[in-house]
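One structure is given below, encoded as structure tokens.
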Amino acid sequence: MKIVIIGAGEVGFHIASCLAFENKDVVVVDSSAAALKRVAEAIDVQTICGSGCSPVILEAAGIREAEFMLSVTDSDEVNLVACLMADTLSPATKKLARLREADFEPYHETLKLNAPHIDTIINPEVEVVKTIERLMDVPGAVDVGDFGDGRIKFVGIRIEHDSRLINVRLADLPSMLETNRPLIAAIVRDDRLIIPKGNNHLRAGDLVYFISEKSKLFKLLSIFDKPAHPVKRVLIVGGGRIGYRLARQLESRSLACKIIEKRSERCNFLAEHLKRTIVLHGDGSDQNMLVEENIHDVDLVVTLTNDEETNILASLLSKRLGATKTITQISKFSYFPLMATIGIEQVVSPRLSAINTILQHIRRGKVLSAISLKGEEGEVLEALALQTSAIVSKPLKRIQFPKGSMVAGIIRQETVIIPDGDSVIEPGDRIIIFAVRNAIPGVEKILAVKLEYF
């Protein structure tokens, strides 16, 4: 599989890293020699310095042989023109573009049906707001994902130092918890992803991922001693595009909301376009301002400025001053492993949202969605079991799944199955698979259609 990536920023870099690790043929194009040098020094991919809008550069990148072109620069205009030129040179190449400007949203379908025929349009800001809403709705969760049209929740929970589950062997969970036991599908320990077996023990500080039917989620959360705190009052620090989108969503849910924004002209815009949200002109990392706004009565503080140091400081201050919960926007991936160390658990990233969406669309097999796990050491995939793939019509214990992968859930029409070794996947089932990074190529292979079918 050949993939051309336009843009060597954080998104382009990390997508290239994932795909090169899976031995895919990747070419990265960027007009910045410094950005390309970083890519070339860290990843075994081809790099070309030049504009992704140039037909000469696209030809040099091998656009005619590429199965996918991913245009993920920080400029919507560059991404659109790059897709237009790619459509002219190689109509068969599938195109994915990152478009963040809200003005383009009414025209997404038009851009798919007409030139430049963009197959997938990604707006990371929309996805981040969805992620924030999911985290709001699951108390104590560090990560939350939806599968099966929302019927199944994929949840990451931190094991606290006083948890009754510390040193418990996974095989002993059924007898200890009787009916309400989670299927623990992955553990992140010391930034290393583990697909556990029955003899693994839980430790304090582990980030535990489990799968649950939506209707049973709160019973399972009680196992981890995570009390339910309904969110009624929200403070947003940063009134940029994401903060504005989130405030509109919270208004639709009739939640009490305030926004703190530094720029006076942006405050005027927010005040004009929001109906019930209180707009405050000031610095969200100013301790005096937070105290004046009764931060101790706030259920949730969401920090969404364009400066991640400000976001981190505002979140830490808010927690120290009594806010129940914080969600922090981070863009630099190098910061992610540090967050839990300094006491920030719930983190969102527009760039990570873009990567998750892109991975979903370039995976082989009928992959419906894909989410990168903490530390990017693995993924959880939702895929459609095809009639001719190697995983149907036999018990799971007889399928040679790649080491470091496991089936964590099966959705059959309206039924959700938490599987065991005797479970059988039927054609048309939607399956949820956890996999470490090394196992992903093997997972793609077993999901794909058998070649002899043709």
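The numbers here are math on the coordinates, done by the rules we state, and not lab data. Remember, predicted model here, so these are calculated numbers, not experimental data. Positions of Cβ are generated from backbone atoms using ideal geometry, with glycine treated the same way; all protein chains shown enter the neighbour counts.
Structural remarks
- Taking Cα centre as origin and charging only the Cβ of basic (Lys, Arg, +1) and acidic (Asp, Glu, -1) residues, the dipole magnitude of the chain rounds to 1140 debye.
- Taking every C-alpha pair closer than 8 Å and separated by at least 6 residues, the mean separation divided by the residue count of the chain gives a relative contact order of 11 percent.
- ALA60/HIS229 FRET efficiency (R0 51 Å; Cβ-Cβ; nearest 0.05): 0.40
- Each of LEU338, ILE371, ALA40 was scored by the projection of its Cα onto the charge dipole of the chain, and the greatest displacement toward the positive side belongs to ILE371; charges sit on the C-beta of Lys, Arg, Asp and Glu.
- Amide H to amide H distances under 5 Å link ASP143 with GLY156, where only residues 5 or more positions off or on other chains count and H is placed in the peptide plane.
- Within the set [x] 1.15; [y] 0.96; [z] 1.01, the number that Cα Rg over 2.2 N^0.38 Å takes when calculated for this structure is listed as [z].
- In the stretch 208-305, trypsin sites (Lys or Arg not before Pro) in a DSSP loop with at most 14 other beta-carbon atoms within 10 Å: LYS232, ARG253, ARG263, LYS275, ARG276
- Long-range HN-HN contacts of VAL237 with modeled amide H, under 5 Å: ILE260, VAL302, THR303, LEU304
- Where GluC sites (Glu not before Pro) in DSSP loops with at most 13 other Cβ within 10 Å are excluded, longest remaining stretch of the chain: 179-413
- Loop sites in the stretch 106-185: trypsin sites (Lys or Arg not before Pro), DSSP, at most 16 other Cβ within 10 Å: ARG151, ARG164
- For the chain, with +1 on Lys and Arg beta carbons and -1 on Asp and Glu, the positive-most of CYS257, ILE157, SER90 along the dipole: ILE157
- Cut-off 9 Å between beta-carbons: net charge of the residues surrounding ASP119, Lys and Arg +1, Asp and Glu -1: +3
- Rounded to the nearest 20, the size of the Cβ-charge dipole of the stretch 1-130 about its Cα centre is 260 debye, with Lys and Arg at +1 and Asp and Glu at -1.
- With q set to 0.11, 0.20 Å⁻¹, the log10 of I(q)/I(0) for the stretch 233-346, from the Debye formula over equal scatterers at the Cα positions, is -0.31, -1.03.
- For the residue pairs LYS214/LYS403; LYS130/LYS332; LYS366/LYS394; LYS153/LYS397; LYS197/LYS219; LYS397/LYS445, alpha carbon separations beyond 26 Å are given by LYS214/LYS403.
- Placing +1 on each Lys and Arg Cβ and -1 on each Asp and Glu Cβ, with no other charges, gives the stretch 233-346 a dipole about its Cα centre of roughly 400 debye.
- Neighbours of ASP299 by Cβ distance under 9 Å: Lys/Arg scored +1, Asp/Glu scored -1, total +2.
- By the helix-only formula, in which each DSSP H run with n ≥ 4 contributes -39500 (n - 2.57) and the sum is divided by residues, the chain has a 222 nm mean residue ellipticity of -9000 deg cm²/dmol.
- The stretch 319-379 and the stretch 185-199 have Cα centres separated by 18 Å.
- Separation of the stretch 390-417 and the stretch 230-302, taken as the distance between their Cα centroids, equals 45 angstrom.
- Remark: the stretch 241-255, residue by residue, has Karplus-estimated 3J(HN,Hα) of 5, 6, x, 5, 4, 5, 4, 5, 5, 5, 4, 5, 9, 6, 9 Hz, where x stands for each Gly or Pro and the curve is 6.51 cos²θ - 1.76 cosθ + 1.60 at θ = phi - 60°.
- Computed 3J(HN,Hα) for the stretch 3-9, one whole-Hz value per residue from the Karplus formula 6.51 cos²θ - 1.76 cosθ + 1.60 where θ = phi - 60°, is 9, 9, 10, 9, x, 10, x, glycine and proline marked x.
- SER285 long-range amide H proximity, modeled H, under 5 Å: none
- Prolate/oblate/rounded call for the stretch 129-174, Cα gyration tensor, a/c under 1.5 rounded: oblate
- Of all DSSP beta bridges in the chain, antiparallel share, percent nearest 5: 55
- ASP25/ILE417 FRET efficiency (R0 51 Å; Cβ-Cβ; nearest 0.05): 0.85
- Computed from backbone phi, the HN-Hα couplings of the stretch 121-134 come to 10, 10, 10, x, 5, 5, 5, 5, 4, 4, 5, 4, 5, 5 Hz, rounded to whole numbers (Karplus: 6.51 cos²θ - 1.76 cosθ + 1.60, θ = phi - 60°; Gly and Pro given as x).
- Given their separation in residues at 0.36 nm each and the Cα-Cα distance between them, ARG320 and LYS197 gain 40.5 nm when the chain is fully extended.
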